[in-house]
1. Keeping to region A:294-307, report how many residues are more than 10 Å from chain B (Cβ to nearest Cβ) and either among the β-branched types (Val, Ile, Thr) or touching an Asp or Glu at 6+ places or on another chain (Cβ under 8 Å) (or both).
2. Out of A:Ser265, A:Ser275, A:Ser289, I need the residue that is modelled with pLDDT under 85 and within 19 Å of A:Leu83 (Cα to Cα). Which one?
3. Would you call B:Tyr190 of a type in the set (Phe, Trp, Tyr) and either farther than 30 Å from B:Ala75 by Cα or over 28 Å from the mean Cα position of the chain (by Cα) (or both)?
4. Any idea which of (1) assigned to a strand (DSSP E or B); (2) surrounded by fewer than 14 Cβ atoms within 10 Å (Cβ to Cβ); (3) without any contact (Cβ under 8 Å) to a residue 24 or more places away in the chain; (4) hydrophobic (A, V, I, L, M, F, W, C) is the one B:Cys146 doesn't satisfy?
5. How many residues are part of a helix (DSSP H, G or I) and either within 14 Å of another protein chain (Cβ to nearest Cβ) or under 22 Å from the mean Cα position of the chain (by Cα) (or both) when one looks only at region A:128-152?
6. Please pick out the residue among A:Leu157, A:Leu103 that is more than 14 Å from chain B (Cβ to nearest Cβ), in a helix (DSSP H, G or I) and buried (at least 16 other Cβ atoms within 10 Å of the Cβ).
7. Taking helices (runs of 4 or more DSSP H) that fall entirely within region A:189-293, which contain at least 1 residues that are within 29 Å of the chain's Cα centre (by Cα), surrounded by fewer than 24 Cβ atoms within 10 Å (Cβ to Cβ) and within 14 Å of chain B (Cβ to nearest Cβ)?
8. Which helices (runs of 4 or more DSSP H) sit wholly inside region B:31-114 and have at least 1 residues that are closer than 25 Å to B:Val380 by Cβ and over 18 Å from the mean Cα position of the chain (by Cα)?
Amino acid sequence: MLGYVVRRLLIMIPTLLVISFLVFLIIQAPPGDYLSSVVAECQARGETGCSDRIEMLRQQYHLDRPFIVQYGYWLFGLLRGDLGFSFEYQLPVTQVVGERLWLTIVVTFATVLFTWVVAFPIGVYSATHQYSLSDYAVTFFGILGLAVPSFLFALVLLYLANVYLGLSIGGLMDPDYIDKPWTWGKIGSILEHLWIPTIVIGGSGTAGMIRRLRANLLDELHKQYVVTARAKGLSPGRLLLKYPLRMSLNPFIADIGTLLPELVSGAVVVSVVMSLPTTGPMLLDALRSQDMYLAGSFLMFLALLTVVGVLLSDLALAALDPRIRLGGRASK
Amino acid sequence: MPGNDSHPVAPEVPAVREPIPHVASTEPFDPYSVEQISPEQERYFRASQWQMMWWRFLRHRLAVASGVFLLLLYASILISEFLAPYNYQTKDTLHAYAPPQSVHLFHEGTFLGPFVYPYDFKLNKTTFKREYVYDTSKPMPLRFFCLGDKYVFWGMIEGRFHLLCAPEKATAHLLGTDQLGRDMLSRLIYGARISLTIGLIGVALSFTLGIVIGGLAGYYGGWIDDLTQRLIEILRSLPHIPLWMALSAILPQTWSPLIVYFGITIILALLEWTGLARAVRSKLLSLREEDFCVAAQLMGARPRRIIGRHLLPSFMSHLIASATLSIPSMILGETSLSYLGLGLRSPITSWGVLLNDAQNINNVALYPWLMLPALPVILVVLAFNFFGDGLRDAADPYK
């Protein structure tokens, strides 16, 4: 087991290197950089000494060096925990992002939990009651959940929550608590606001999860050992819990590899719509204004979040499923 | 044996009869006459693979209905200009933010055919909201096959002929208007052209990428396979929308809308090919070992011929099904990007661009019809899902 963990961790290194290279390629790609637009603005105001100051900044951040050198500086900065400098805010990125990264993790975690808690009973129910009216209803809502654009769902739910429940529009907490130190009241307010983004972001993921769980469980239920157990007189509830459910649980954990990128993707759009204090809105702004290091840090962070999540799910799967052999190569 | 008188009863000797005459049938001998197959069965057994897929597909009612629906929609984009009652750029500033105008059939109990009541807004002095009031004394019949707004058909032929026009001196905003008084229905019809084709072109691109890359990986194996597998794993573990956002932020603002459109399709395809490449690879790996493939190899066929002539056709149907299932995510991707203002920009009109107006929660509360462009998005995504499901079931007709 330990060897497997170590190997999995080692594989992550080249993966993250490739990702960081892709991210840097993307944030570097727009023609020109933020500083050149600053120069243009500065000169338009008629100030003198613009280019000197900018030239200094440019040297400080190695923007005058070739691409690969810039990448090297950025990468080593990342390793030391220095995320670079946000040109727009004139602050180091670490100070700009502040709580956002943590809140992103909170929202993502809540969504994964929501997906599991909702998808599990519904999936089991609709598999054991195949072709019943409720099964069709669940399937219908599941497909609808896949088809409705998340931002639209978010807008409608925000509106309804505001009209009927009196929640403040947008944000992850009551406006009174923003930039205040952490108190129980603040946490309570976050919990109160968390459910809308959770439902919206988790919606399509839950739908997919229900579908897969239902299919897996149905496969198991038609196998012979189930018939045998039933013939021996095992009670339906015990029968279900003892074998088929366990078998269909694995994809539940393994699925996080597909679920997490989806959730993070959805979260970005939804958080822009709901102006959540997470990575989404600031990433959008940073991309628009070519604030490259800020955008790069967010992209890197989101990628890291999914890669680590997938790693955790792999480890959990290896620990839970005795059939998974860690040594040999996967058969093709 | 003494005392044992239970002799087995001797079989009765049959009475002597006339010998049975020797008969030989003069009918032609048919050894299969016992297992007769009806013409129906014969048709089934002799059907080609594609024919069987077609029959199988027809059994999936929902998929057929979705297919017809999609076909109609795609046909409509050929003649959007004719179908739309207005030109999508016509501004009617006197009717900005007008709600959907209802169509009536009966005026005070008499049947008049489809007509509308004209409406005009009054500014509510306390809430500053535009309130539209119908003038129910003047029914105005809608005109069909009529001359209306000017348009340039596919950017080439000028015309004024429409399927449906507003009555003279009145409006027919069946789905309301936006901030500038542009007709929503017309913009929806024009938007279909972009939104529907972007998924199709994107899928065509990612299909090509997937087949080439997955084909190489699956056929040659070895380090090529390892390399592409790692790349695919990495790409799949990345969240798509942030990357799409970042990539579309690269497209310069100065590009013409048409180039931006192609840029967006390429961006969508760049991350979507992985699923198809995986499918191609795993199918190739299993089929490569089949006898017919070995036979072709022994006969000296080149890899290109083996892949193209023997391997690809045997799982093309699966590929088409999975490609269909990846169209919806592209359509949703474009919608999300344009909604965030990173994708297409006006004057190009797509459903996502239209939804951009609905970004503000005030608009949702005051002018809910601005969210109507979401309806075709939902319907199309649903239809593609059902259609793809049907295709996937039909893809393997021998099961």
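The values are calculated or read from the model by the stated rules, or taken from the named source; none is laboratory data. All values derive from a computational prediction rather than experimental measurement. When we count neighbours, we look across all protein chains shown, and the Cβ atoms used for this are built from the backbone with ideal geometry, even at glycine.
1. 1
2. A:Ser289
3. Spelling it out, it is not the case that B:Tyr190 is of a type in the set (Phe, Trp, Tyr) and either farther than 30 Å from B:Ala75 by Cα or over 28 Å from the mean Cα position of the chain (by Cα) (or both).
4. (2)
5. Of all residues in region A:128-152, those part of a helix (DSSP H, G or I) come to A:128, A:133-147, A:150-152.
Next, only the ones that are either within 14 Å of another protein chain (Cβ to nearest Cβ) or under 22 Å from the mean Cα position of the chain (by Cα) (or both) stay: A:136, A:139-147, A:150-152.
Number satisfying all stated conditions: 13.
6. The conditions single out A:Leu103.
7. A:244-254, A:256-273, A:279-288
8. Details: elements: B:39-46, B:49-59, B:61-76, B:80-83.
Hits in region B:31-114: B:49-59, B:80-83.
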